[in-house]
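S.K.: My questions all concern the structure below.
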Amino acid sequence: MMKSISIKQAIVIIAFLGLAIGSGSTPSVRSTTDYTAHAIPHGVLANKSIKIVAADGSFTLEPGKRFDTPFSVYDWNSSTNTFVEAGKLVEHAPNALAHGGKAVLIYQDGYEKPLHGVLAFNQAIKAASGPASRSYMINIPEDKLQAARDGLTAVAYEKMKWEATYSDGSSAENWWYAWAIWISAYPL
């Protein structure tokens, strides 16, 4: 013979069941990645036939020469990223300017008129590793320069490796932009 229970008793039983079921769940995994920024002090303009000059005259990157990093932005773990995934990066020159990127002129041997650009140097984070986390190497491929001369907006960048770590002990290798330069025949 089955005994009926009151609504009050049913609520108490459901509450205890909920607690029992919930107590066996694992705690949520959270990121333990060290996003502490550190500046990358130097770089080199690897292209031997171009010179990059800030539109405001504040710096010049000479062809084939090492340089002190003239400025940098912090674009890590942010909801308002200056950069986005590579497939959409070309659309974000205005965001780069809004987040600290600089308007530049790109002079190339053999061409009278300079190209226009936006340059952004990203700071490294403690979780970053590899050469791009220690020094910038600006190398703009010729096809990007030609695309800009042909009227397109082109973008070149260098990848920086970093490792995301999590509270459960797992990790994942990732990459982000060490620097990016948008290039156009017209001001961006």
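The values are calculated or read from the model by the stated rules, or taken from the named source; none is laboratory data. These numbers were taken from a predicted model, which means no experiment stands behind them. Virtual Cβ from ideal backbone geometry, glycine too; neighbours counted across all protein chains shown. To get the accessible areas, we keep the full protein, side chains included, count just its heavy atoms, and leave off ligands, DNA and RNA. Shrake-Rupley method; radii C 1.70, N 1.55, O 1.52, S 1.80 Å.
S.K.: Show me the ranking of peptides 113-120, 36-43 by mean Cβ neighbours inside 10 Å, starting with the highest. It would help to have the intermediate numbers written out before the result.
M.R.: Values: 113-120: 21.6, 36-43: 14.5.
Highest-to-lowest ranking by the protection proxy: 113-120, 36-43.
S.K.: Round to a whole number: what % of the accessible area of the stretch 37-184 belongs to carbon and sulfur, probe 1.4 Å?
M.R.: Details: 3510 of 7190 Å².
About 49 percent, which is the carbon plus sulfur part of the accessible surface.
S.K.: A further question on this structure: Straight-line reach from residue 144: which lysines have a Cα under 26 Å away, not including same-chain ones fewer than 8 places off?
M.R.: Cross-link targets: 48, 51, 65, 88, 102, 113, 159, 161.
S.K.: Which order do you get for 137, 160 if you rank them by accessible area with a 1.4 Å probe, largest at the top? All intermediate terms of the calculation are to be shown ahead of the outcome.
M.R.: Numbers: 137 100, 160 0 Å².
Sorted descending by solvent-accessible area, the residues read 137, 160.
S.K.: Pull up all non-local amide H partners of residue 44: gap of 5 or more, or a different chain, and H-to-H distance under 5 Å with H placed in the peptide plane.
M.R.: 67, 136, 137, 138
S.K.: Report relative contact order for the stretch 37-184 in percent, whole number only (criteria: Cα-Cα under 8 Å, sequence separation at least 6).
M.R.: Numbers: 314 pairs, mean separation 37.0, N = 148.
Reported as a whole number, the value is 25 percent.
S.K.: Highest mean first, what order results for 166-176, 124-134, 53-63 on Cβ atoms within 10 Å?
M.R.: Working: 166-176: 11.9, 124-134: 18.1, 53-63: 14.3.
So the peptides 166-176, 124-134, 53-63, ranked by packing, come out 124-134, 53-63, 166-176.
S.K.: In addition: For a quick check of understanding: with a 1.4 angstrom probe and all protein chains in place, what accessible area in square angstrom does residue 30 have, to the nearest ten?
M.R.: 150 Å²
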